[in-house]
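Below is one structure, written out as structure tokens; the observations come after it.
The values are calculated or read from the model by the stated rules, or taken from the named source; none is laboratory data. Since this is a predicted model, take the numbers as computed values, not measurements. When we count neighbours, we look across all protein chains shown, and the Cβ atoms used for this are built from the backbone with ideal geometry, even at glycine. Each accessible area value is taken on the protein alone, full model and side chains, heavy atoms only, with ligands, DNA and RNA left out. Shrake-Rupley method; radii C 1.70, N 1.55, O 1.52, S 1.80 Å.
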Amino acid sequence: MQEHIEAVPYADIDTVFLDVGNTLISIDFDRVDAELAARRWPCEPHALRRAEAAARPGYSERVFVTGAPPDRSLFHSYLSAIFEHVESLAALSPIDRDELVTELGPVLRPDGRASALWRMVMPGVPEALERMKQQGLTLAVISNSDGTCAASLEAAGLLHHMNVVIDSAEVGVEKPDPRIFEIALARCGADPQRALYIGDLYHADVVGARGAGLHALLLDPYGDWPPLDCERATDLSAVADRLATS
């Protein structure tokens, strides 16, 4: 049964808060493919991109509802979830796949730095951000990161669009805890009822934002999520369209 969808009052929105990973910047799928190919498990970047989107509902549930395995990092759980949806890796047993993830983790993220892997600007993002700025909207980032969020945005050429950047490693609290959203609201001087949060994981982004009184929207490029109570969009350009025509 379809959940009641909480509509976003686009005409009232004056502040847009954004996630970073899979909202503004994606994994370097070419690099992941190259590392897999070097281990005789090649996978086309587009297939990895599709698998990543398909993995989001299960990963979100596993990490923020049931709880990730205590002996595994969140990145390990994330990469495992992606590989479970990669057809060319279907022949691997769960044990072999876990070993592959364990081997690749430190290669893809040296010293655990997210910025080493999340570095590809997603299609249409610069143009969408520019359109929002031209509408007079305040733009800010709220990200569960490791202290490298601003550097990643700068390297991607996106930092100049942002009025504020909230990195969980710097403020000491992570999504879905409402306090990280409250910190962002305070720094922007924003009214939560006139603020929209955009992210890719329901249980971290939508639930967390709503806990602080914000409106929330989920990016779901291929329709992988089950019926939910929030609005969705395929990408940031689609959200910019809605804001522009409200």
Subset tally (residues that are over 18 Å from residue 97 (Cβ atoms) and either open to solvent by 60 Å² or more (accessible area, probe 1.4 Å) or in contact with a strand residue (DSSP E or B) (Cβ under 7 Å, 6 or more places away or on another chain) (or both)) for region 45-57: 2
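I'd like the full set of residues that are in a helix (DSSP H, G or I) and either at pLDDT below 90 or over 19 Å from residue 32 (Cα atoms) (or both), limited to region 55-73. Show your work before the answer.
Step one: filter region 55-73 for residues in a helix (DSSP H, G or I), giving 55-67.
Answer for region 55-73, where residues must be in a helix (DSSP H, G or I) and either at pLDDT below 90 or over 19 Å from residue 32 (Cα atoms) (or both): 57, 58, 60, 61, 62, 63, 64, 65, 66, 67.
Just give me the residues in region 151-193 being among the acidic types (Asp, Glu) and within 16 Å of residue 15 (Cβ to Cβ), in sequence order. Talk me through it step by step, then tell me what you get.
Initial filter on region 151-193 (among the acidic types (Asp, Glu)): 154, 167, 170, 174, 177, 182, 191.
Answer for region 151-193, where residues must be among the acidic types (Asp, Glu) and within 16 Å of residue 15 (Cβ to Cβ): 182, 191.
What is the residue count in region 214-233 for residues that are hydrophobic (A, V, I, L, M, F, W, C) and part of a loop (DSSP other than H, G, I, E, B)?
Within region 214-233, the subset hydrophobic (A, V, I, L, M, F, W, C) is 214, 216-219, 225, 228, 230, 233.
Of the ones still in play, those that are also part of a loop (DSSP other than H, G, I, E, B) are 214, 225, 228.
Count: 3.
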Single condition residue 242 does not satisfy, out of (1) touching a residue at least 60 places away in the same chain (Cβ under 8 Å); (2) buried (at least 18 other Cβ atoms within 10 Å of the Cβ): (2)
Selection count where residues are farther than 22 Å from residue 175 by Cα, in contact (Cβ under 8 Å) with a residue 24 or more places away in the chain and open to solvent by 50 Å² or more (accessible area, probe 1.4 Å), scope region 127-154: 6
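Going through region 37-54 one residue at a time, which ones are in contact (Cβ under 8 Å) with a residue 60 or more places away in the chain and in a helix (DSSP H, G or I)?
So in region 37-54, the residues in contact (Cβ under 8 Å) with a residue 60 or more places away in the chain come out as 39, 50, 53-54.
Selection gives 50, 53, 54.
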Hits in region 162-213 (condition: touching a Leu at 6+ places or on another chain (Cβ under 7 Å), part of a helix (DSSP H, G or I), open to solvent by 10 Å² or more (accessible area, probe 1.4 Å) and free of Cβ contacts under 8 Å to residues at least 40 places away in the same chain): 192
Filter pass, residue 226 being touching a residue at least 12 places away in the same chain (Cβ under 8 Å) and surrounded by 19 or more Cβ atoms within 10 Å (Cβ to Cβ): no
Residue match in region 46-53 (condition: more than 15 Å from the chain's Cα centre (by Cα) and not aliphatic (A, V, I, L, M)): yes
Count of region 9-36 residues which are part of a helix (DSSP H, G or I), under 20 Å from residue 148 (Cβ atoms) and aromatic (Phe, Trp, Tyr): 1
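Check 93, 143 and return the single one that is among the hydroxyl-bearing types (Ser, Thr, Tyr) and at pLDDT 95 or above. It would help to see each step written out before you state the result.
Numbers: 93 fails: at pLDDT 95 or above.
Unique residue meeting the criteria: 143.
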Residue count for region 20-44, restricted to those that are open to solvent by 50 Å² or more (accessible area, probe 1.4 Å) and either acidic (Asp, Glu) or within 22 Å of residue 217 (Cβ to Cβ) (or both): 2
Filtered residues of region 75-122 (kept if open to solvent by less than 40 Å² (accessible area, probe 1.4 Å), touching a residue at least 40 places away in the same chain (Cβ under 8 Å) and assigned to a helix (DSSP H, G or I)): 89, 100, 104, 108, 114, 115
Leading residue by the ranking (farthest from residue 229 (Cα to Cα)) among those in region 1-34 that are of a type in the set (S, T, N, Q) and at pLDDT 95 or above: 26
